[in-house]
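Everything on this sheet refers to the single structure shown next.
The values are calculated or read from the model by the stated rules, or taken from the named source; none is laboratory data. Keep in mind the model is a prediction, meaning the values are calculated, not measured. Please note: Cβ atoms are built from the backbone with ideal geometry, for glycine as well, and neighbour counts cover all protein chains shown. Note: accessible area is taken over every heavy atom of the protein model, side chains too, but ligands, DNA and RNA are not part of it. Shrake-Rupley method; radii C 1.70, N 1.55, O 1.52, S 1.80 Å.
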Amino acid sequence: ENKVILDVELKDEHGNIIFTGKKAKVGWQGNSSVNWSKKNFNMSFLEADGVTKYKTKIFADVPKNDGYHFKANMEDGTRLRNSLGYIIAESMYSKKLPSGQRSTMEGHYIEIYINGEYQGFYDFNTKQHKTVYGLDDTNPNHLMYRGTDNAGGSPEFRALSTNNAEDVGDWEDKFPATNTAENRAKLNRLIQWVMDCQNNGTKFTTELEQY
């Protein structure tokens with residue numbers, strides 16, 4: 001509802017133009033964070049016609065994509081938490097994944113100007129999207145869930161997922177978009193294993209690749 005179409009130009013850290021003459025659909029991003037004075041942005045790049053998606057390869061190890069988030073990090077004075085988390089997680093798991101797959105989003109720092117007015121320092125992040133993670137529509141074991149409600153403990157791996165309602169509950173089904181009891185059972189298999197590994201580091205490290 002708050003999205004607008006803007007002309008967009010992207011430069012690298014040396015001021016070299018990555019692309020220009022394109023447009024973007026831009027709106028606020030987030031839930032509670034929209035109450036902060038400095039907003040997160042959700043941006044989808046478009047061709048000059050303002051309609052056709054413009055997919056481009058911005059990050060070397062991420063496939064072409066058209067959608068990105070710009071995080072203001074108002075709650076993080078260090079501006080390090082997101083980017084550092086991505087680096088640590090990817091260094092831990094990248095060698096265990098098939099070629100073309102990622103364990104995290106990708107993010108880099110960026111400065112934003114709107115109509116020549118400086119907006120500040122942001123994290124330029126990929127979205128939680130199947131393209132970013134290298135997920136395959138034809139593989140029934142390629143699933144992506146996002147924890148939504150920690151009250152029940154399931155997204156913290158302290159309890160099994162019990163709510164199979166579409167797009168609500170303890171986990172939101174991100175990929176595939178339609179939730180099934182079979183897929184939720186696969187998620188619970190992982191959660192149960194993590195709970196079984198509590199206080200048992202050997203079990204976790206020796207069985208990790210099975211999960």
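When you go through Y122, Y133 one by one, which is the residue that is of a type in the set (F, W, Y), within 23 Å of the chain's Cα centre (by Cα) and at pLDDT below 90?
Numbers: Y122 fails: at pLDDT below 90.
From the options Y122, Y133, the qualifying one is Y133.
Can you say whether I110 is on the phi < 0 side of the Ramachandran plot and part of a helix (DSSP H, G or I), as far as the supplied structure shows?
Details: on the phi < 0 side of the Ramachandran plot: yes; part of a helix (DSSP H, G or I): no.
The answer is no for I110.
From the list N139, N115, which one is at pLDDT 85 or above, more than 29 Å from N199 (Cα to Cα) and open to solvent by 60 Å² or more (accessible area, probe 1.4 Å)? Give the derivation first.
On the way: N139 fails: open to solvent by 60 Å² or more (accessible area, probe 1.4 Å).
So the residue among N139, N115 that is at pLDDT 85 or above, more than 29 Å from N199 (Cα to Cα) and open to solvent by 60 Å² or more (accessible area, probe 1.4 Å) is N115.
When the residues of the range 15-62 are filtered to those that are aromatic (F, W, Y) and open to solvent by 90 Å² or more (accessible area, probe 1.4 Å), which remaining residue is modelled with the highest pLDDT?
Looking only at the range 15-62, we keep the residues that are aromatic (F, W, Y), and these are 19, 28, 36, 41, 45, 54, 59.
Going one step further and asking which of them are open to solvent by 90 Å² or more (accessible area, probe 1.4 Å), we end up with 28, 36.
On the way: W28: 90, W36: 86.
The qualifying residue modelled with the highest pLDDT is W28.
Can you tell me which of N179, N188 is more than 20 Å from S103 (Cβ to Cβ), under 23 Å from the mean Cα position of the chain (by Cα) and modelled with pLDDT of 85 or more?
Values: N179 fails: modelled with pLDDT of 85 or more.
Within the list N179, N188, the selection yields N188.
Given the criterion aromatic (F, W, Y) and not in a strand (DSSP E or B), identify the matching residue among Y68, Y118, Y122, Y86.
Only one candidate qualifies: Y86.
Suppose we keep only residues that are of a type outside the set (V, I, T) and at pLDDT below 90 within the range 191-211. Which one would you say is least open to solvent (accessible area, probe 1.4 Å)?
If we take residues in the range 191-211 being of a type outside the set (V, I, T) and at pLDDT below 90, then L208 is least open to solvent (accessible area, probe 1.4 Å).
Residues checked against (1) more than 18 Å from Y133 (Cβ to Cβ); (2) under 16 Å from the mean Cα position of the chain (by Cα):
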{"position": "A24", "(1), (2)": "yes, no"}
{"position": "W36", "(1), (2)": "yes, no"}
{"position": "F41", "(1), (2)": "yes, yes"}
{"position": "K53", "(1), (2)": "yes, no"}
{"position": "N65", "(1), (2)": "no, yes"}
{"position": "F70", "(1), (2)": "yes, yes"}
{"position": "N73", "(1), (2)": "yes, yes"}
